[in-house]
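The values are calculated or read from the model by the stated rules, or taken from the named source; none is laboratory data. Here the structure is a predicted model, which means the values were calculated and not measured. Note: ideal-geometry Cβ built from the backbone for every residue, glycine included; neighbour counts use all protein chains shown. Side chains included, ligands, DNA and RNA excluded: accessible areas come from the protein's heavy atoms. Shrake-Rupley method; radii C 1.70, N 1.55, O 1.52, S 1.80 Å.
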Amino acid sequence: MQKPNQAALLVGSPKGPKSTSNSIGTYLVEKLKQKGVPYKKVYIHQCLKSEKKKEDLLRLVDESNLIILAFPLYVDSLHSEVIETLELIAEYEQDKPDLDKKSLVAISNSGFPEAKQNSTALTVCRLFAKQVGFNWAGGLAWGGGGMIDGKPLSELGFRVRTKKKALEMVADALAQGDPIPEKAVSLMNKLGITRGLYLIVGNRGWKSQAKKNIPVKMMYAKPLKEGSKSQEVSD
Amino acid sequence: MKALVLNGAKNNKSTVNMVSDYLIDFLRINGHEVDVITLRNENIASCVGCFGCWLKTPGECIINDYGRDLPRKVLQSDAIFLLSPVVFGMYGPVLKKALDRFPCPLLLPFFTTVNGEVHHAKRYEKYPLLVAIGVLPNPDQESENTFKTLVEKNGVNLHTTAVSSIVYSTNESTTIKEKVKATLLKAGVQ
């Protein structure tokens, strides 16, 4: 693996700047910048809206030798826009020389507390790297993403301290031209609080968010049950 | 049995269409009611991750397009068939765009545990059988294993039984036909 000349952060959440994926990815690239590796960031959701922005994304991938893909887990895998983007990159990079000098890092985050629920999504990214010819520098699985909720990691304290430490280890390694160390993967897998507490706080959190719009009992509605009426949904 | 076939072919030339045709024929010959959606022809936006289907209009997506109808069609079916090219071990973007739109409305936001692992709780009593057929150009063990694992995980998340198989676009049409038939048998669909 080569020392990076530039990192390209591809944020794969449709929420873009307000996403947990952006929080995690940006923390990592900022640490890389402190170690002398410049970066550029794009939001996949915005890039797919026009041909010009797609071309900009592809050119960014082309000019960078470290690609960092940060994305949320969607139905146990990648969001449709992320898999679409990987297909575009694969087509664009096909048959180009020195692809193995380009490294890919993937960070998958989900609201489930178990980091391993991201494993298939990371395997997809590894297979992408393999099939395109990129060097696979490793993947990180972030469980318990509900604790972040799109806030910058620098503003969050003890809840994510172990995971921040993992990202700092990753930045150290990548800046040296090394893949993600196993120790960082293990640290990242730790939830930081007990699973039971995460579930209690998580479920309460859903209710407290819903209360801003609807009565809590409405959260259990079954609008698709035979005989039920559709709710009014404004366009 | 009511079957919903979600055709995730990228274009008219895709082998996914041949799989879809054979599948529909088998199902109809055996007396099943079949609803087919050729996804590339429908107006389905990507999920925007707003959680409106949990926090504002529970059980229904706030985006007013064909994707809003999908959860109803899924729930009213006894079996859903996901047909797609296999891309780096997972569904291609055409199918995935549709697939991203229906689990959340069909489930509650609240966490529960299934075999010791956390998942979202059921909103309804029953969910359809999930059958996924992926198309690869040639044998590729890693992609096939990843696809199989993915479909199994989808089944767990959707509180249903999930079955998958792979066909190769380089196969003869008779082989593809036999593989589709074998998949139905594996899924217990007669």
How large a share of the accessible area of chain B, in percent, is made up of carbon and sulfur atoms when the probe is 1.4 Å and the other protein chains stay in place? 49
On a 0 to 90° scale, report how tilted helix B:173-186 is relative to the longest principal axis of chain B, with both axes built from alpha carbons and the result rounded to the nearest 10. 40
Chain B: most fluctuating residue of B:Lys179, B:Lys13, B:Lys148 per GNM, C-alpha cutoff 10 Å: B:Lys13
Paramagnetic reach from A:Met218 in the range B:46-78 [backbone N under 17 Å; point 7 Å along Cα→Cβ]: B:51-63
Buried accessible area, chains A and B (both chains, 1.4 Å probe, Å² to nearest 100): 4900
Can you tell me the Rg and the Dmax, both Å, for the Cα atoms in the range B:1-151? 15.8, 45
Enumerate lysine pairs in the range A:17-92 that are 8 or more residues apart or on different chains, then count those whose Cα atoms are under 20 Å apart. 16
In nm, spacing of pseudo-spin labels at A:Asn5 and A:Gln131 (7 Å Cα→C-beta vector): 2.8
Accessible area in square angstrom per residue, chain B, 1.4 angstrom probe: 39
Once both axes come from the Cα atoms, what is the angle between helix B:66-75 and the longest principal axis of chain B, in degrees from 0 to 90, rounded to 10? 80
Tell me the angle of helix B:15-29 to the major Cα principal axis of chain B, expressed in degrees between 0 and 90 and rounded to the nearest ten. 90
Mind checking the dipole of the range B:54-140: about its Cα centre, +1 per Lys or Arg Cβ, -1 per Asp or Glu Cβ, Debye to the nearest 20? 240
Just report the Cα centroid separation between the range B:90-145 and the range A:61-139, whole Å. 20
GNM, chain A, Cα, under 10 Å: largest mean-square fluctuation among A:Leu199, A:Leu187, A:Leu140? A:Leu199
Gyration tensor (Cα) of the protein assembly as shown, equivalent ellipsoid semi-axes in angstrom: 34, 28, 18
Of B:Phe102, B:Trp54, B:Tyr91, which is farthest towards the positive pole of chain B's charge dipole, taken about the Cα centre with +1 and -1 on the beta-carbons of Lys, Arg and Asp, Glu respectively? B:Trp54
Quick one: accessible area per residue over the range A:45-144, 1.4 Å probe, rounded to a whole number of Å²? 34
Please work out the ratio of the alpha-carbon Rg of the range A:77-235 to 2.2 N^0.38 Å and round it to two decimals. 1.32
